[in-house]
Amino acid sequence: APAVYTRLYALTGNKKYMMFADSEFKATHKYLYDKDEHLFYRDSRYFGQKEANGEKVFWGRGNGWVIGGLVEILKTLPENDKEYRPYYFELYNELSTRLAELQTKAGFWHASLLDPDSYTAPETSATGCIVYGLEHGINQGYLYKEKFLPVVLKGWEALVSAVEKDGKLGWVQPVGADPKKVTQDMTELYGTGAFLMAACEIYQLAE
């Protein structure tokens, strides 16, 4: 929703849209962001909950939505904006750095970011959103290419490996609110959408 209101602000110049979007986003950030782990909880139900390995519960796709949303906000805010843009830019870079650290050896991000051993299957909607977010940062010069390019290339190769011969993207966790087990036959439109958004950015990167 904040990305929609920032777009309305950009289109109309009416500052009330940006003021609303900014206040809502910052309230969510303050409430759900874990300053120690630099990750977002899905909602307050997961405060204090732990995974099997004792780590906090941070949903892969939930954090993927956040980095994707931050990209959409940064796309909309003018480059010379000094009032709102620095806050979103700083958070985007902080989250990008943390998510890059959590990529698995196979190139995916899993349903649970801090307990991949309990959720061994890849999860392609989280991976697609995160790869999209990181690729955009490289393309726009927000992220250091030397550091993040290996991450996005490995992530993109992982996504491609999850596409079956008939074109179906597998390993997409169904609609939910927290990490769940995923199987190869699972697919959803939002997983395909994230894949296509990542594909658009990788195409620009290749150019």
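Things worth noting here:
- Relative contact order, percent, region 64-207 [alpha-carbon distance under 8 Å, six or more residues apart]: 26 percent
- Around A162: net Lys/Arg minus Asp/Glu count, Cβ-Cβ under 15 Å: -2
- Of every Cα-Cα pair in region 1-42, the percent that sits beyond 12 Å: 59 percent
- Using alpha-carbon coordinates, inclination of helix 2-12 to the longest axis of the chain, degrees: 40 degrees
- Spin-label model, D81 to K181: label points 7 Å out along the Cα-to-beta-carbon direction sit 4.4 nm apart.
- With contacts taken as Cα pairs under 8 Å at a separation of at least 6 residues, region 7-85 carries a relative contact order of 24 percent.
- Ratio Rg/Rh, restricted to the chain and using Cα atoms, in which Rh is the Kirkwood radius: 0.96
- Looking at region 65-158, the accessible area is 40 square angstrom per residue; that uses a 1.4 Å probe and ignores ligands, DNA and RNA.
- Helix-only [θ]222 nm of the chain, DSSP H runs n ≥ 4, -39500 (n - 2.57) each, per residue, nearest 500: -18500 deg cm²/dmol
- Solvent-accessible area assigned to carbon and sulfur over region 149-207 amounts to 63 percent, based on a 1.4 Å probe.
- A simple spin-label model places the labels of V160 and L196 2.0 nm from each other, with each point 7 Å out along Cα-to-Cβ.
- Proximal lysines relative to K181, as straight alpha-carbon distance under 22 Å, when same-chain residues fewer than 8 apart are discounted: K50, K56, K105, K168
- Residues considered: G60, G128, G191. Largest GNM mean-square fluctuation over the chain, using C-alpha springs under 10 Å, is found at G191.
- Extension reserve of the K35-E94 stretch, reckoned as 0.36 nm per residue once the Cα distance is removed: 20.2 nm
- Degrees separating the helix 124-139 axis from the principal Cα axis of the chain, which is the longest one: 50 degrees
- Translational D in µm²/s for region 104-168 (Stokes-Einstein at 4 °C, 1.567 mPa s, Kirkwood Rh from C-alpha pairs): 105 µm²/s
- Long-range tail of P(r) for region 52-134 (Cα pairs > 21 Å, %): 32 percent
- Each listed q (0.25, 0.26, 0.27, 0.28 Å⁻¹) maps to a log10 I(q)/I(0) for region 165-207, found by the Debye formula over equal Cα scatterers with no solvent: -0.88, -0.91, -0.94, -0.97.
The values are calculated or read from the model by the stated rules, or taken from the named source; none is laboratory data. Please read these numbers as outputs of a predicted model, since none were measured by experiment. Please note: Cβ atoms are built from the backbone with ideal geometry, for glycine as well, and neighbour counts cover all protein chains shown. Quick note on the areas: whole protein, heavy atoms, side chains included, nothing else; ligands and nucleic acids left out. Shrake-Rupley method; radii C 1.70, N 1.55, O 1.52, S 1.80 Å.
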